[in-house]
Amino acid sequence: MAECGRKALSLLEAARSRYESLQISDDVFGESGDDSSDNPFYSTSGDSDSDNYIAEVGEEEHPKHQHHQKRSDKESGQSWGAGGGSGGSSGAGPPGSLSRSQAEEEGWTETLQDVTVPPYKETYGPAQKMPATATALDFFQLFVPDNCIQNMVIQTNMYAKKFQERFGSDEGWRPVTAQEIKAFLGFVTSTSVHRCESVLSIWSSGFFSNRSIALKMSQARFEKILKYFHIVAFRPSQGSNQGLYKIQPFLDSLQQSFSCTFRPSQTQVLHEPLIDEDPVFITTCTERELRKRKKRKFSLWVRQCTSTGFICQISVHLKEGQGTDGLATLKNKPQLHSLVAKQLCQNISGKNTIIFTGPSITSLSLFSEFSKQDIYCCGLLSTRKSDCTGLPQNMLVCGSTPAQRGQSRVMMKGSMSLISWYNKGHFRFLTNSYSPTKQGMIIKRKSGEIPCPLAVEAFAAHLSYICKYDDKYSKYFIFHKPNKTWQQVFWLSISIAINNAYILYKMSDAYTVKRYSRAQFGERLVKELLDLDDCSPTQ
């Protein structure tokens, strides 16, 4: 009995040591609460079909994630596992899958061999050392520098001039300055700290009023800047993404700054972060207000470091409208998401990066293409959401014999492994980044350990961290909700930049001087943007 206990303890310690890098920012927001000491390895649940698979990592879910699961289950009514998880039955298999004889001809075999990923060719961490005296504004301006602010000044004044030439002069308007644009950004950013739906509440007499910053600018002046604020005043004659022409230069600049300021770890994930409407607003507004609220006309995909949560690259796709990037013409979701994945990974070829993906991205053709670029993959498969072309049917359908929890089957083609693993439902993974001969375990908070292939353990470990990160990340979105799509994308991008700035702050010497939480960092940034004398955060 004691021997079994020692063996289990050694396995647990081995699992933790494999992913100890995840602990570097497990408390990345400085306010993780009770869950920050929990084991980061969760079991995956077979009862969901959400595209946002990150929210589903973990059988014991956060209430917020239960909302997402119920919504996705209502839309689909089935689970990720073929035939509805453990309740499924054998069938013909998804389109493009191979019969047993075809699979053998294509080189699929049950004979397993070791797979080794070459060492990572990048040094992980911030690309530049910030001094201990660096302020919140210094970190933010790594992504939104003064020349970017100055461009906003020029474009806003140009748009105001053109607007008034066409529709008549505005006697209350005067050209905006760089200091006013910074203050404007500060006012809107304050909605992420105080979580108020309308930025105009700052000047009201209600609950969200804030006299300490309201005195910095009159409400009338703020509304004038809000009316004319632009990143690009005029439509370009050619080139660029026409549907996003008003925001594309800023997105390009932001993307370049993300790449220049931080080098991510070897393990990264491609996914859509949670950017749903403010839940407080949804539960308190009337049905009429809900009907008036326009749905988002874009989707946002990111490539994110699984060790820190730093978002390395973003890709915005317009659901409607005319884009020139080829995305608008694609109606097939796997094709669309495959193209998005290629865009997100175009700068990491040759570095031996390991990418985790969800069902809509995972496919044999994409992973094979990435493999030629020294990009290794580990993805969750769905027989309905994934492109299953070239995969063996017998691995994609549920057998008539009930599987035992933790039981798995594996087939290989070259270095690519197709894994079918059972845990209250069938889960299938496609990977060339983890050896199928090596075993791991899923460590549940209540029920102990469940054996699994190493790829499954790695997927659950890294994705559970991103899940916890997104829980806190979504708290600090800017709550200001404009109707225009380019403005929605802009403020969402600013939110991402602020969160990235906080991660760099946490990894710098400045954090050892003043250990600000994410909320305090946000308050300090707002005051520095507004150029207030007292920049100390509210305790």
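The values are calculated or read from the model by the stated rules, or taken from the named source; none is laboratory data. Bear in mind that the values here come from a model prediction, so they are computed numbers and not experimental data. Note that each Cβ is placed from the backbone with ideal geometry, even for glycine, and that neighbours are counted across all protein chains shown. Accessible surface areas use protein heavy atoms only, side chains included; no ligands, DNA or RNA. Shrake-Rupley method; radii C 1.70, N 1.55, O 1.52, S 1.80 Å.
For the range 411-462 versus the range 212-230, the inter-centroid distance based on Cα atoms is 54 Å.
With the cut-off at 22 Å, tell me which of the pairs Lys216/Lys484; Lys182/Lys216; Lys246/Lys333 have Cα atoms farther apart than that.
Numbers: Lys216/Lys484 27 Å; Lys182/Lys216 11 Å; Lys246/Lys333 26 Å.
From the list (Lys216/Lys484; Lys182/Lys216; Lys246/Lys333), the Cα-Cα distance tops 22 Å for Lys216/Lys484; Lys246/Lys333.
Residues of the range 140-154 with backbone nitrogen within less than 13 Å of a virtual label 7 Å along the Cα-to-Cβ line of Ala178, please, listed as ranges. Counting backbone N atoms under 13 Å from the label point, the list is 145-154.
Counting only protein heavy atoms, what percent of the accessible surface of the range 391-485 is carbon or sulfur at a 1.4 Å probe?
It is 49 percent, rounded to a whole number.
Percent relative contact order of the range 437-539, based on C-alpha pairs within less than 8 angstrom and at least six residues apart?
Dividing the mean separation by the residue count of the range 437-539 yields 13 percent.
Scalar couplings 3J(HN,Hα) for the range 175-192, obtained by applying the Karplus form with A = 6.51, B = -1.76, C = 1.60 to θ = phi - 60°, are x, 7, 10, 4, 5, 6, 5, 4, 5, 4, 4, x, 4, 5, 4, 4, 5, 7 Hz; x denotes Gly and Pro.
The listed peptides 103-113, 335-345, ordered by packing as a protection proxy, come out as 335-345, 103-113 (highest mean of other Cβ atoms within 10 Å first).
Converting phi to 3J(HN,Hα) with the Karplus coefficients 6.51, -1.76 and 1.60 and the offset θ = phi - 60°, the range 144-160 yields 10, x, 4, 5, 5, 4, 5, 5, 4, 4, 4, 5, 5, 5, 5, 5, 4 Hz in sequence order, with x at every glycine or proline.
If you average the alpha carbon positions of the range 367-405 and of the range 466-522, how far apart do those two centres end up, in angstrom? Taking the Cα centre of each part, the range 367-405 and the range 466-522 sit 35 Å apart. Entry note: the range 374-480 has Rg to Rh equal to 1.03, where both radii use alpha-carbon atoms and Rh is the Kirkwood radius.
For the range 462-539, rounded, prolate or oblate, judged on the Cα gyration tensor with a ≥ b ≥ c (square roots of eigenvalues), a/c < 1.5 rounded, else prolate if a/b > b/c? Don't skip to the end; give the middle numbers.
On the way: a/c = 2.25, a/b = 1.15, b/c = 1.96.
Oblate, because a/c is 1.5 or more while a/b does not exceed b/c.
Taking amide hydrogens as placed 1.01 Å from N in the peptide plane, the amide H of Gln313 sits under 5 Å from those of Arg303, each at least 5 positions away in sequence or on another chain. Kindly identify the range 100-229 as rounded, prolate or oblate by the Cα gyration tensor criterion: order the square roots of the eigenvalues as a ≥ b ≥ c, call it rounded if a/c is under 1.5, otherwise compare a/b with b/c, prolate if a/b is larger, else oblate. Verdict is prolate for the range 100-229.
Leaving out ligands, DNA and RNA, and with a 1.4 Å probe, what % of the accessible surface on the range 118-232 is carbon or sulfur? Walk me through the numbers before you get to the answer.
Numbers: 3170 of 5810 Å².
Carbon with sulfur: 55 percent of the solvent-accessible area.
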